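A short worksheet on the structure shown next.
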Ligand SMILES: [Zn+2]
C-alpha cells in the first residue's frame, strides 16, 4: 500500500459532518461570547424565538440584538436601541403585518432586559423557570445597598469562597 492510499484511507475515516458541526459550534460559542453569555446554550435560552432561525436578545444595557442561528456569519448581529426601533425594522425589512406584528409587539412589550451575574459578569435570564425551582433569589448587599445576583448556584458558591479567601 502506498502512502497516497493511506492518506485516502485516513480521509475516508473522518466524519466530515461532525468536523463541520464542531466548527459551527465554535463559531456559535464566539457569538455567545460577543454578546456576553457564558455558553451558546445560555444565549439561546435567554433569547426570544422569532421563527425561521431568527432570535432577539434583550441585553442587560436595554438594547436588543437581532441574530440568525445559521446565517449570523454572513449577516452580522444587528443591534437596536429600543424595542420600538426593532419593530420598525421588522415592518420595513420583513414586511411584518397583521397578527404576526401584534404578536411581536406583545412579545417585546413583555420582555425585560437580562441581568448581569455579580460574579462571572455574564448575562442571564432571571425569569428562567429552572432558577425559580432552585429558589435562587437576589441577595441584597446591605453595605452598598446594591442588588447582587448570580447566574447559577456555582457562581454563588464561587463568590462566597473568594470572599472568604479575601476576608
Ligand atoms: Zn455567573
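Taking every residue in segment 148-164 that is more than 9 Å from the ligand (Cβ to nearest atom) and pairing it with any residue that is in a helix (DSSP H, G or I), at least 6 positions away or on another chain, the pairs with Cβ-Cβ distances below 7 Å are 153/134.
Could you grab me the full set of residues in segment 57-66 that are under 10 Å from the mean Cα position of the chain (by Cα) and within 19 Å of residue 30 (Cβ to Cβ)? Don't jump to the end; show me each part of the working.
At the first step, the residues of segment 57-66 found to be under 10 Å from the mean Cα position of the chain (by Cα) are 57-59, 65.
Of everything in segment 57-66, those that are under 10 Å from the mean Cα position of the chain (by Cα) and within 19 Å of residue 30 (Cβ to Cβ) turn out to be 57, 59, 65.
Is there any pair with a first residue in segment 121-132 that is within 17 Å of residue 159 (Cβ to Cβ) and outside the structural domain of residue 37 (by TED's automatic domain parsing) and a second that is modelled with pLDDT of 75 or more and more than 14 Å from the ligand (Cβ to nearest atom) whose Cβ atoms are under 7 Å apart and which are 6 or more apart or on different chains, and what are they? The qualifying pairs are 123/59.
Considering only segment 101-116, I want to know if a residue exists there that is within 16 Å of the ligand (Cβ to nearest atom), farther than 24 Å from residue 25 by Cβ and in contact (Cβ under 8 Å) with a residue 12 or more places away in the chain.
The first filter runs over segment 101-116 and keeps only residues within 16 Å of the ligand (Cβ to nearest atom), leaving 114-116.
Now narrow it down to the ones that are farther than 24 Å from residue 25 by Cβ: 115-116.
When the remaining residues are screened for being in contact (Cβ under 8 Å) with a residue 12 or more places away in the chain, the result is 115-116.
Looking for residues that are within 16 Å of the ligand (Cβ to nearest atom), farther than 24 Å from residue 25 by Cβ and in contact (Cβ under 8 Å) with a residue 12 or more places away in the chain, one finds at least one in segment 101-116, hence yes.
Only residues that are surrounded by fewer than 17 Cβ atoms within 10 Å (Cβ to Cβ) and either in a loop (DSSP other than H, G, I, E, B) or not assigned by TED's automatic domain parsing to the domain that holds residue 107 (or both) were counted in segment 47-59, giving 2.
Of all residues in segment 123-137, those that are part of a loop (DSSP other than H, G, I, E, B), farther than 25 Å from residue 63 by Cβ and either modelled with pLDDT of 75 or more or within 13 Å of the ligand (Cβ to nearest atom) (or both) total 1.
The values are calculated or read from the model by the stated rules, or taken from the named source; none is laboratory data. Remember, predicted model here, so these are calculated numbers, not experimental data. When we count neighbours, we look across all protein chains shown, and the Cβ atoms used for this are built from the backbone with ideal geometry, even at glycine.
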